[in-house]
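Q: My structure is below; once you've seen it, I'll send some questions.
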Amino acid sequence: MDLATYSEHAQHGPCFICRLVEGDPAYAHEIVYEDEQHLAFLDKWPVLPGKLLVVPKRHLEHVVTDLPEQDYLAMMATVRLVALAAEDVLGGERTYLFSLGSQAGNSHLHWHIARLPHGIPYDQQQFEALAFTNGVLTYTPAERAHLADRLRRAITARAAAAA
């Protein structure tokens, strides 16, 4: 998907996260974690290997004001669980966690989890590494399914160890 098409969908299309939660097959993603309140899934257009999103199932838009403290902490616990599993599976130098979106597009609250691979020069890290304009990585359906399965197993193992 090119940047112009992405922007058009984000600003004028339906909320893709709500459609995913509703089970609309046109918005299917590889879900790696689900509980009563949250979903975690592989980004269809990752800029870094194995990039994930964690979302509340309810359509919320403001990261700090739309969630009561207990719900915010529960969401952050989910983000942490998924991020730890991503570290287990993907390795790398650092985990980036960030919440983006805008009232103008992609307004559904979501957290991005991205692993920075080893060996990326400093001037290509941080915001530069996350730039959509650098292009996106492509996976075959089999590669995506295999990665999702590895992440699911790591999440299950992490959750069991914490229990």
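The values are calculated or read from the model by the stated rules, or taken from the named source; none is laboratory data. Here the structure is a predicted model, which means the values were calculated and not measured. Cβ placement follows ideal geometry from the backbone for every residue including glycine, while neighbour counts extend to all protein chains displayed.
Q: Take the conditions part of a helix (DSSP H, G or I) and at pLDDT below 90 and apply them to GLN70. Does it pass?
A: Against the criterion (part of a helix (DSSP H, G or I) and at pLDDT below 90), GLN70 does not qualify.
Q: Out of ARG58, ARG80, ARG144, report the one residue that is basic (Lys, Arg) and either assigned to a loop (DSSP other than H, G, I, E, B) or touching a Ser or Thr at 6+ places or on another chain (Cβ under 8 Å) (or both). Steps first, please.
A: Numbers: ARG80 fails: either assigned to a loop (DSSP other than H, G, I, E, B) or touching a Ser or Thr at 6+ places or on another chain (Cβ under 8 Å) (or both); ARG144 fails: either assigned to a loop (DSSP other than H, G, I, E, B) or touching a Ser or Thr at 6+ places or on another chain (Cβ under 8 Å) (or both).
The unique qualifying residue is ARG58.
Q: Is it the case that some residue within segment 35-51 is assigned to a loop (DSSP other than H, G, I, E, B), in contact with a His (Cβ under 8 Å, 6 or more places away or on another chain), at pLDDT below 95 and farther than 19 Å from LEU151 by Cβ?
A: Within segment 35-51, none of the residues are assigned to a loop (DSSP other than H, G, I, E, B), in contact with a His (Cβ under 8 Å, 6 or more places away or on another chain), at pLDDT below 95 and farther than 19 Å from LEU151 by Cβ.
Q: Select from segment 52-63 the residues that are at pLDDT below 95 and touching a strand residue (DSSP E or B) at 6+ places or on another chain (Cβ under 9 Å) and list them in ascending order.
A: The one that is at pLDDT below 95 and touching a strand residue (DSSP E or B) at 6+ places or on another chain (Cβ under 9 Å): VAL63.
Q: In segment 27-86, what residues are among the small types (Gly, Ala, Ser) and either within 15 Å of PHE98 (Cα to Cα) or surrounded by 19 or more Cβ atoms within 10 Å (Cβ to Cβ) (or both)?
A: ALA40, GLY50, ALA77, ALA83, ALA85, ALA86
Q: What do you reckon, is GLU87 in contact (Cβ under 8 Å) with a residue 12 or more places away in the chain, acidic (Asp, Glu) and more than 27 Å from GLY13 (Cβ to Cβ)?
A: Yes: the conditions hold for GLU87.
Q: Give the residues of segment 107-137 that are assigned to a loop (DSSP other than H, G, I, E, B) and either in contact with a helix residue (DSSP H, G or I) (Cβ under 7 Å, 6 or more places away or on another chain) or in contact (Cβ under 8 Å) with a residue 40 or more places away in the chain (or both), sorted by residue number.
A: Passing the criteria: SER107, HIS108, LEU109, HIS110, PRO117, ILE120, ALA131, GLY135, VAL136, LEU137.
Q: Of the conditions (1) over 20 Å from ALA131 (Cα atoms); (2) modelled with pLDDT under 95; (3) β-branched (Val, Ile, Thr), THR78 satisfies every one except a single condition; which number is it?
A: Among (1) over 20 Å from ALA131 (Cα atoms); (2) modelled with pLDDT under 95; (3) β-branched (Val, Ile, Thr), THR78 violates only (2).
Q: Return the only residue of GLU93, GLU128, GLU143 being at pLDDT 95 or above and over 24 Å from CYS15 (Cβ atoms). Walk me through it before giving the result.
A: On the way: GLU93 fails: at pLDDT 95 or above; GLU128 fails: at pLDDT 95 or above.
After ruling out the rest, the residue left standing is GLU143.
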